[in-house]
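Below: the structure, in structure tokens.
We did not get these values from a lab; they are worked out from the coordinates using the rules stated. Just so we're clear, the structure is a prediction, and the values are computed from it rather than from any experiment. Note that we place each Cβ from the backbone using ideal geometry, even for glycine, and neighbour counts take in every protein chain shown.
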Ligand SMILES: Nc1ncnc2c1ncn2[C@@H]1O[C@H](COP(=O)(O)OP(=O)(O)OP(=O)(O)O)[C@@H](O)[C@H]1O
Ligand SMILES: [Mg+2]
């Protein structure tokens, strides 16, 4: 592996393990603690599974409380889908290690980016915004790991990068104030000539890119991780019955 020197012998005392098999070897051991990492990917590339493994591993192996803020999937769909690949979030929720926040209602509000009616705690609908949702989750649950999946519907309502930037900045700053390690997902925008650099890429501490290249091969690339020694080469990964595994010593042939 030509880039192995980049990660050999590295250690990071204020870090945690990602929960994705093969990824820690590319990451200087783990994600930087207390930072916001963007998981950028094509539809069906495994963004939700990736983030769920991060939370599940944290809650089960590290005894770190974990929160999933779902913008795409309603509660039962998330729990069911993750159960099929071996993650029992029901039990984790019952034992107080996991909380799921259903924020899917925010997608249906046409004009106000951050305002929407969502079911809170399975009870009445309340008017809240995503920043409030995150802050409430932090105050009530004190998670060490947080996921927002995904920010695309919210952010893409704004047509220009200039308009999107403050929305993403708001999100990133709110997440960072929690001192939790956070993943947020976003959909990859491609054009005929390649991909578009997105506002959230500049504002996140780290960016991981998931895409499918020729012949259906899945490729994971760490585009950046501020302050960490990383392997920046694209590496193949698979999604199997027990989740995502990255082959961190293998090459992707484009
Ligand atoms: N048991 C399994 N075995 C193999 N592949 C699976 C399995 N379960 C799910 N997958 C793959 O995982 C993908 C879905 O993963 P996930 O929902 O995490 O993707 P996503 O990027 O979040 O998608 P979306 O853009 O729709 O939100 C599917 O495309 C499917 O190919
Ligand atoms: Mg998803």
Open item on the list: Under a crude label model (7 Å from the Cα following the beta-carbon direction), how far is residue 63 from residue 223 in nanometres?
Closed with: 3.8
- [ ] For the chain, find the longest principal axis of its Cα atoms and tell me its angle to the long axis of helix 130-141, 0 to 90°, nearest 10.
- [x] 90
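Classify segment 45-98: rounded, prolate or oblate, from the alpha-carbon gyration tensor (a ≥ b ≥ c, eigenvalue square roots; a/c under 1.5 rounded; otherwise prolate if a/b is larger than b/c)? Present the calculation step by step, with values, prior to reporting the outcome.
Working: a/c = 1.60, a/b = 1.37, b/c = 1.16.
Prolate, since a/c reaches 1.5 and a/b exceeds b/c.
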- [ ] In nm, give the distance between the simple-model label positions of residue 195 and residue 162, each being 7 Å from the Cα along the Cα-to-Cβ direction.
- [x] 2.7
Open item on the list: Given contacts defined as C-alpha pairs under 8 Å and at least six residues apart, what's the relative contact order of the chain, whole-number percent?
Closed with: 27
Open item on the list: Using Cβ counts within 10 Å as a stand-in for footprinting exposure, how do 24, 149 rank, fewest first?
Closed with: 24, 149
- [ ] Mind sorting 145, 21, 218 by how few other Cβ atoms lie within 10 Å of their own Cβ, fewest first?
- [x] 21, 218, 145
Task: Rg(Cα)/(2.2 N^0.38 Å) for segment 146-243, N = residue count - done: 1.17
- [ ] Report, to the nearest 10°, how far helix 161-176 tilts away from the longest principal axis of the Cα atoms in the chain, using its own Cα long axis and a range of 0 to 90°.
- [x] 90
Task: Dimensionless Rg/Rh of the chain - Kirkwood Rh, Rg from C-alpha atoms - done: 0.95
